[in-house]
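Enquirer: My structure is below; once you've seen it, I'll send some questions.
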Amino acid sequence: MDRNRWIVFGVIVAVVFGLLFLNKKSNDVNVESQDPNKVNINPKDGVIGDHIFGTDSKKVVLFEYGDYQCPGCGAAYPKLKAVSEHYKDQLSFIFRNFPLTSIHPNALAAASAAEAAGLQDKFWEYHNKLYENQNDWSGSDITERTDFFVKYAKEVGIKDVDKFKKDMETPKVSQKIRTDQALGRKVGVQATPTIILDGKTLQTSQFNTQKDLENVIRDAIKKSGQTLPEPIAETDSSS
């Protein structure tokens, strides 16, 4: 009997580990053929591509790997928003999802909500809404956060709220987030925000203030051969 029990136990363990392995493989996203520093706005097979704010010339490209629940990302948000808006004719700004689910339990749901909003052409409006209201929804439970996310969907003008809620749970949205994460890991992202300008990861000191970030952006625009607009007025800068 004892021997039979051990055999049964061994079989169960093998099955469990096999299922875990298969589940892991099914969740893997293969990005070996993708260049993380290139913008992908027209992927095949209905996959959600990068969301680009500003010019589509891609002469100067700024990537942020961010987590909507991350306080550091929340602090970086107004600086990135001000700079990307001011230099929208010279700069391509792309936000990629990198939710740190082990420490931010609502980050993945927030990313899903933003991507679902993107399916109704409201990605950037929703992205902004999440960061501008981060303190409100970050500590909420599952029911509360859903209420917040639906409320924000209505506020940014999403017409089909039922579709928005369904899209949050779709494989298409999940794949977009997992692809972003895989691309981030490929370039060594470990923390958020990670900001990459023209293939080079910025040090924190380079975006510590809005002026620091603007100076780096202006240097890149100048090197690209584009005409530099006037700097952001000092009264508009945040320190």
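The values are calculated or read from the model by the stated rules, or taken from the named source; none is laboratory data. Here the structure is a predicted model, which means the values were calculated and not measured. Glycine gets a Cβ as well: all are built from the backbone with ideal geometry, and neighbour counts include every protein chain shown. Note: areas computed on protein heavy atoms with side chains; ligands, DNA, RNA excluded. Shrake-Rupley method; radii C 1.70, N 1.55, O 1.52, S 1.80 Å.
Enquirer: Kindly provide the helix-only [θ] at 222 nm of the chain, computed as the sum of -39,500 (n - 2.57) over DSSP H runs of four or more divided by all residues, to the nearest 500 deg cm²/dmol?
Expert: Taking each H run of at least 4 residues, the total per residue is -16000 deg cm²/dmol.
Enquirer: The stretch 206-226 to the stretch 64-97: how many Å between their Cα centroids?
Expert: 14
Enquirer: Please figure out what share of the DSSP beta bridges in the chain is antiparallel and state it in percent, rounded to the nearest 5.
Expert: The answer is about 60 percent antiparallel.
Enquirer: Hey, another quick one. Quick one: helix 71-86 against the long Cα principal axis of the chain, what's the angle to the nearest 10°, folded into 0 to 90?
Expert: Between the helix axis and the principal axis of the chain, the angle is about 40 degrees.
Enquirer: For the Cα atoms of the chain, what angle does the longest principal axis make with the long axis of helix 142-155, in degrees from 0 to 90, nearest 10?
Expert: 40
Enquirer: Quick one: compute the contact order of the stretch 24-94, relative version, from alpha carbon pairs under 8 angstrom and 6+ residues apart, as a percent.
Expert: 40
Enquirer: Helix 210-223 against the longest principal axis of the chain: what's the angle in degrees, Cα atoms only, rounded to the nearest 10?
Expert: So the inclination is approximately 80 degrees.
Enquirer: Next question. Under 8 Å for C-alpha pairs, at least 6 residues apart: give me the relative contact order for the stretch 127-239, rounded to a whole percent.
Expert: 13 percent.
Enquirer: Probe of 1.4 angstrom, ligands and nucleic acids ignored: what's the accessible area per residue over the chain, in square angstrom?
Expert: 55
Enquirer: When the dipole is taken about the Cα centre of the stretch 137-239, and only Lys, Arg (+1) and Asp, Glu (-1) are charged at their Cβ, what size is it in debye, to the nearest 20?
Expert: Approximately 540 debye in magnitude.
Enquirer: Still on this structure: Points 7 angstrom from Cα along the Cβ direction at A182 and S57: gap in nanometres?
Expert: 3.3
Enquirer: Ignoring ligands, DNA and RNA, what percent of the accessible area of the chain is carbon or sulfur (1.4 Å)?
Expert: 52
Enquirer: Please list T55, T146 in order of solvent-accessible area, largest first, computed with a 1.4 Å probe with all protein chains present.
Expert: T146, T55
Enquirer: Relative to the present Cα-Cα distance, how much length would full extension add between I41 and K222 at 0.36 nm per residue of separation?
Expert: Result: 62.7 nm gained on full extension.
Enquirer: Given charges of +1 on the Cβ of Lys and Arg and -1 on the Cβ of Asp and Glu, with all other atoms neutral, how large is the dipole of the chain about its Cα centre, in debye to the nearest 20?
Expert: I would put it at about 780 debye.
Enquirer: In addition: K211: which lysines have alpha carbons under 19 Å from its alpha carbon, excluding same-chain residues fewer than 8 sequence positions away?
Expert: K211 reaches K79, K81, K88, K200, K222, K223.
Enquirer: What shape does the stretch 45-148 take by its C-alpha gyration tensor, where a ≥ b ≥ c are the square roots of the eigenvalues and a/c under 1.5 counts as rounded, a/b above b/c as prolate, and the rest as oblate?
Expert: Prolate.
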